[in-house]
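Read the structure below first, then the notes.
Each value in this text was obtained by applying a stated rule to the coordinates, not by laboratory testing. These numbers were taken from a predicted model, which means no experiment stands behind them. Because the Cβ atoms are built from the backbone with ideal geometry, glycine has one as well, and the counts that use them run over all protein chains shown.
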Amino acid sequence: MHTAAVRLFVALDVPTVAIDHLQAAVAAVADEHPGLRWLPPDRRHVTLAFLGEVEPPALAALAARLGRVAGRHPALQLRFAGAGRFDSRVLWVGVEGDTEPLARLVRSVGAAARKAGVPVEERVHRPHVTLARSRTMSLDLRPMVARLADYVGPPWRAASFSLVCSRLGPQPEYEPLERFRLGGVPD
């Protein structure tokens, strides 16, 4: 059990086949743009909520509430498609498919966290997977967005999400603390 505050987020679990397909599409673009810090495939995820620093006493209540949320939401049919950017800082690929049920899941995860006493970063949810971050603030990401705009990945089933601990550093690490099955879907 953790004794100090931990940095947490909640993310959909994405099947390896979807991540591998995306990586194949991104590889050529990545080689052409060394000015970006490319996230390794094993750190690519669809964030449902960023929770920030959470004190250990809140973890049990948070996990219990997230478990109840998972049981009330069905598995989702999704795929990665299109591309975009957040200013000149972040390059991403979008998510399409069951986006309305995904938005309801995002709202439920946020509500569960708040009820457990964990503040949730308030922002408009745009389902995406971050591919890369700019090393400078002046990089024009539009050509990379254009290169990936027509990307469409294979459909995949989001059947679970995880509570993830994020450790910052030169090579950030993500450690799933607990996994929650959507709608009681068996493994």
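What does the extension gain come out to for Arg157 and Thr16, with contour length at 0.36 nm per residue minus their alpha carbon separation? It would help to have the intermediate numbers written out before the result.
Working: separation 141, 0.36 × 141 = 50.76 nm, distance 1.14 nm.
Here the segment from Arg157 to Thr16 would lengthen by 49.6 nm.
Can you check what the net charge comes to around Lys115, using other residues whose Cβ is under 11 Å from the Cβ of Lys115 (Lys, Arg +1; Asp, Glu -1)?
Working: positive: Arg65, Arg68, Arg114; negative: none.
After counting each charged neighbour, the total is +3.
Separation between the Arg123 and Ser138 pseudo-spin-labels, each 7 Å from Cα along Cα→Cβ, expressed in nm?
The answer from the label model is 2.5 nm.
Rg (Å, one decimal) plus Dmax (Å, integer) for the alpha carbons of the chain?
Radius of gyration, then largest Cα-Cα span, for the chain: 16.6, 47 Å.
On full extension of the chain, what length is gained from Arg114 through Glu173, given 0.36 nm per residue of separation minus the C-alpha to C-alpha distance?
Working: separation 59, 0.36 × 59 = 21.24 nm, distance 2.50 nm.
Between Arg114 and Glu173, full extension yields 18.7 nm more.
Report, in degrees rounded to the nearest 10, the 0 to 90 angle that the Cα long axis of helix 99-115 makes with the longest principal axis of the chain.
50 degrees
Could you calculate the contour length gain from Ala30 to Glu96, that is, 0.36 nm times the residue separation minus the distance between their Cα atoms, to one decimal place in nm? Don't jump to the answer; show the numbers that get you there.
Details: separation 66, 0.36 × 66 = 23.76 nm, distance 2.28 nm.
Gain in length upon complete extension: 21.5 nm.
Calculated FRET efficiency, Ala60 and Arg181, Cβ-Cβ r, R0 22 Å, to nearest 0.05?
Details: r = 19 Å, r/R0 = 0.85.
According to the calculation, E is roughly 0.75.
Where does the chain land at 222 nm, in deg cm²/dmol rounded to the nearest 500, when only DSSP H runs of n ≥ 4 count, each adding -39500 (n - 2.57), divided by all residues? Can you show the working numbers first?
Numbers: 4 runs with 57 residues, N = 187.
So the helix-based figure for the chain works out to -10000 deg cm²/dmol.
How many angstrom lie between the C-alpha centres of region 142-162 and region 91-127?
17 Å
With label points built 7 Å along Cα→Cβ from the Cα atoms of Ala149 and Asp42, find their separation and express it in nm.
Rounded to a tenth, the inter-label distance reads 3.5 nm.
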